[in-house]
Amino acid sequence: MRDEHGIQAEGLARDFKGGIRAVDGIDLAVAPGEIYGFLGPNGAGKSTTVHMLTTLLPPTAGTARVAGFDVAREGAQVRAAIGAALQEAALDPLLSGREHLRLQTALHGMPKAQRRRRSEELLERVGLTQAADRKVKTYSGGMKRRLDLALALVHEPSILFLDEPTTGLDPQSRAALWDEVGRLRRDDGVTIFLTTQYLEEADALADRVGIIDHGRIVAEGTPGELKEEIGRASVHAVPSLVDQRERVADVLERFGELLPVVREEEVAVRLTDGVSLADVVRGLDADGVSVDEIELRAPTLDDVFLAKTGRSLEGAEEPSPEEPEPEEPIRAVVQR
Amino acid sequence: MSAAATQVGAVAQRSVRRTVRQPAAIVFPLVFPILLLLVNTGGLNASTELPGFPTDSFLAFALAVPFIQGALFATMNAGTDLARDIQTGFLNRLSLTPVRGSALLVGTLTGIVVMGVAQAIFYLVVGIVFGVEFAAGPAGVVVLLVFSAIVCLGFGALGSFLALRTGSGEAVQSFFPVFFVFLFISSMNTPRDLIAVDWFRFLASINPVSYLLECVRSLIIDGWDWKALGLGFGVAIVICVVSIALAAWALTKRMERT
């Protein structure tokens, strides 16, 4: 089913017990048929945003419309239009893949023949026909994620929410899921809201990316636009001798601003306009400093994150109340 | 079949499947009460010689206990399974479908009742194999199974309520000893009028579990004791109504969507 409305949010916010604000007044606009990547570290507010947009959690402030319906007042209509594969595939380890699909189709009120047909179609689509009668506890992480996706597609939703769909998956399973997500948009016109903490995932899949940190969107645009905003490339060097790190840093600093690094022994610099890698090499040579590695890197989404937040996305995670406390159930007014 | 009936059927089917596929959920509710029955019968058989003891077979007297113990196990199983659904996010998945909370609760409890009745048939067969004569006859067997279903429904709803409020399987299981205390301070091993210690007799008399046991016991030993049946069914229905109301309220809270 093709989506004609997409997702819009204005000033969307969510507070939890203790006055902790997990999502802090975000504005979003996802066009129909678009893949929107919501990128951020753990605890940034991604899952809370997804829970609000999928009607599982009422916003504390702000408004959101999904598929043309208000998430706070037209929950049932929103749920009818969307599919969601939430963080950690929520499956019953004691049921088989086929039984999961039969249950899901029954809960969507499909007649028996349609339940059977739709289940088989989806098993085929996600490549689980052979494993359909095995209990889910015997499935690999990738198989669970594919089943999770199939369950989200049971009622042919026009908008799909995928909350960190590839976390913990091996590269092959990740690539298979990326293919399926691409196909859903391309062939079925499904609008996809995808949260991820993987830069390459957002870069590879998303038409546009929103970067969220501490509950706020700090940057938004196409991956190309965001990287262009950073513009300048960076040079990363590893000194031949550990005690020469300071000297390397002194030389590199002449060519731009030093950057935080992930590897302790590394030195990195964002190049000033007009400076080339050759200039840096000549500088090191002139000072008689040798390096084991030197690399010119084009800007990445991590550089964007770094520029906007002052931290690298890797290792940026911090504890935050992504979900309400167990004793505080998800609550809102039921309008069924 | 209406959409609601389809939903109830699907949830009930899942509930039964889950239980059947967990050997511990089958074996303990079947074996443990029977072992306790046999041990108690061996150790307390001399009680039948007390003046006024209603039967000369302690096995017949004590056979009522497994029915209630089995229902307690149903409470734990229902609660633990539901808590797991909350913890794993499975309930969120269900919340995103058009399923109504009432259909979810009815489906889950239907599954528990099915398993509870199957347990009751097993206890009954064991009793008959060991020589217990069922005084109320075949019609009494039907009444006993209906009663077991109501008790399982009530206790199952109570377990569901605990799971929905706490969201934790461990928390649900921590209530198990509390329920067992209720069982032990009842007329489980001695008729109430033969309990010599005043405070114990008082506690057993205000303990609803005593009336559940005496209802089953009356069908096995006495035949048709309308007073015991009335009290037993009355208590069971009150437990059912209260616990289903609590579970429904807790589910509404837990599944509250916009």
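Can you list the strands (runs of 3 or more DSSP E) found entirely within the range A:1-91 that contain at least 1 residues being farther than 30 Å from A:GLY109 by Cα and assigned by TED's automatic domain parsing to the domain that holds A:ARG216? Steps first, answer last, please.
Details: elements: A:7-16, A:20-30, A:35-39, A:61-66, A:82-85.
Fully inside the range A:1-91 and qualifying: A:7-16, A:20-30, A:35-39, A:61-66.
Out of (1) surrounded by 21 or more Cβ atoms within 10 Å (Cβ to Cβ); (2) out of contact with any Asp or Glu (no Cβ under 7 Å at 6 or more places or on another chain); (3) within 9 Å of chain A (Cβ to nearest Cβ), what's the single condition that is false for B:LEU91?
With (1) surrounded by 21 or more Cβ atoms within 10 Å (Cβ to Cβ); (2) out of contact with any Asp or Glu (no Cβ under 7 Å at 6 or more places or on another chain); (3) within 9 Å of chain A (Cβ to nearest Cβ) applied to B:LEU91, the lone miss is (2).
May I ask you to list the residues in the range A:181-214 that are acidic (Asp, Glu), touching a helix residue (DSSP H, G or I) at 6+ places or on another chain (Cβ under 8 Å) and over 14 Å from A:LEU162 (Cα atoms)? First the steps, then the outcome.
Taking the range A:181-214 as the starting set, the residues that turn out to be acidic (Asp, Glu) are A:187-188, A:200-201, A:203, A:207, A:213.
Among the residues that remain, those that are also touching a helix residue (DSSP H, G or I) at 6+ places or on another chain (Cβ under 8 Å) are: A:201, A:203, A:213.
Answer for the range A:181-214, where residues must be acidic (Asp, Glu), touching a helix residue (DSSP H, G or I) at 6+ places or on another chain (Cβ under 8 Å) and over 14 Å from A:LEU162 (Cα atoms): A:ASP203, A:ASP213.
At pLDDT below 90, touching a helix residue (DSSP H, G or I) at 6+ places or on another chain (Cβ under 8 Å) and within 10 Å of chain A (Cβ to nearest Cβ): which single residue out of B:GLY70, B:GLY167 fits that description? Lay out the reasoning, then the answer.
Working: B:GLY70 fails: within 10 Å of chain A (Cβ to nearest Cβ).
None of the others qualify; the one that does is B:GLY167.
Look through A:ASP163, A:ASP170 and report the one residue that is under 30 Å from B:ALA3 (Cβ atoms) and either not hydroxyl-bearing (Ser, Thr, Tyr) or not assigned by TED's automatic domain parsing to the domain that holds A:LEU101 (or both).
That would be A:ASP163, the only listed residue that is under 30 Å from B:ALA3 (Cβ atoms) and either not hydroxyl-bearing (Ser, Thr, Tyr) or not assigned by TED's automatic domain parsing to the domain that holds A:LEU101 (or both).
B:ALA25 passes all but one of (1) of a type in the set (A, V, I, L, M, F, W, C); (2) within 22 Å of the chain's Cα centre (by Cα); (3) away from every other protein chain (no Cβ under 14 Å); which number fails?
(3)
What strands (runs of 3 or more DSSP E), lying completely within the range A:223-298, carry at least 3 residues that are over 24 Å from A:ILE211 (Cβ atoms)?
Numbers: elements: A:234-239, A:256-259, A:267-271, A:291-297.
By residue number, A:234-239, A:291-297.
Among the residues of the range B:183-199, write down those that are in contact with a Pro (Cβ under 9 Å, 6 or more places away or on another chain) and not in a helix (DSSP H, G or I). Outline the logic, then answer.
Start the filter on the range B:183-199 by keeping residues that are in contact with a Pro (Cβ under 9 Å, 6 or more places away or on another chain), which leaves B:186, B:191, B:194.
Passing the criteria: B:SER186, B:PRO191.
Residue-wise test of (1) touching a residue at least 12 places away in the same chain (Cβ under 8 Å); (2) aromatic (Phe, Trp, Tyr); (3) part of a helix (DSSP H, G or I); (4) more than 23 Å from B:LEU44 (Cβ to Cβ).
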{"position": "B:GLY159", "(1), (2), (3), (4)": "yes, no, yes, yes"}
{"position": "B:VAL181", "(1), (2), (3), (4)": "no, no, yes, no"}
{"position": "B:ARG201", "(1), (2), (3), (4)": "no, no, yes, no"}
{"position": "B:TYR211", "(1), (2), (3), (4)": "yes, yes, yes, no"}
{"position": "B:ILE221", "(1), (2), (3), (4)": "yes, no, yes, no"}
{"position": "B:GLY230", "(1), (2), (3), (4)": "no, no, yes, yes"}
{"position": "B:ILE239", "(1), (2), (3), (4)": "yes, no, yes, yes"}
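On the basis of being within 14 Å of another protein chain (Cβ to nearest Cβ), polar (S, T, N, Q) and surrounded by 22 or more Cβ atoms within 10 Å (Cβ to Cβ), does B:SER15 make the cut? Spell out the reasoning first.
Numbers: within 14 Å of another protein chain (Cβ to nearest Cβ): yes; polar (S, T, N, Q): yes; surrounded by 22 or more Cβ atoms within 10 Å (Cβ to Cβ): yes.
Yes, satisfied.
Among the residues in the range A:120-130, are any more than 8 Å from chain B (Cβ to nearest Cβ), outside any helix (DSSP H, G or I) and touching a residue at least 60 places away in the same chain (Cβ under 8 Å)?
First, pick out the residues of the range A:120-130 that are more than 8 Å from chain B (Cβ to nearest Cβ): A:120-130.
Narrowing the set further to residues that are outside any helix (DSSP H, G or I) leaves A:126-130.
Filter once more, keeping what is touching a residue at least 60 places away in the same chain (Cβ under 8 Å): none.
No, the range A:120-130 has no match at all.
Please find, among A:VAL304, A:VAL238, the residue that is at pLDDT 85 or above, surrounded by 13 or more Cβ atoms within 10 Å (Cβ to Cβ) and either under 31 Å from the mean Cα position of the chain (by Cα) or away from chain B (no Cβ under 14 Å) (or both).
Unique residue meeting the criteria: A:VAL238.
Say we look at the range A:132-176 and pick out the residues that are within 14 Å of another protein chain (Cβ to nearest Cβ), in a loop (DSSP other than H, G, I, E, B) and in contact with a Ser or Thr (Cβ under 7 Å, 6 or more places away or on another chain); which of these is nearest to A:TYR36 (Cα to Cα)?
A:GLU164
The values are calculated or read from the model by the stated rules, or taken from the named source; none is laboratory data. Please read these numbers as outputs of a predicted model, since none were measured by experiment. Positions of Cβ are backbone-derived with ideal geometry, glycine not excepted, and every protein chain shown enters the neighbour counts.
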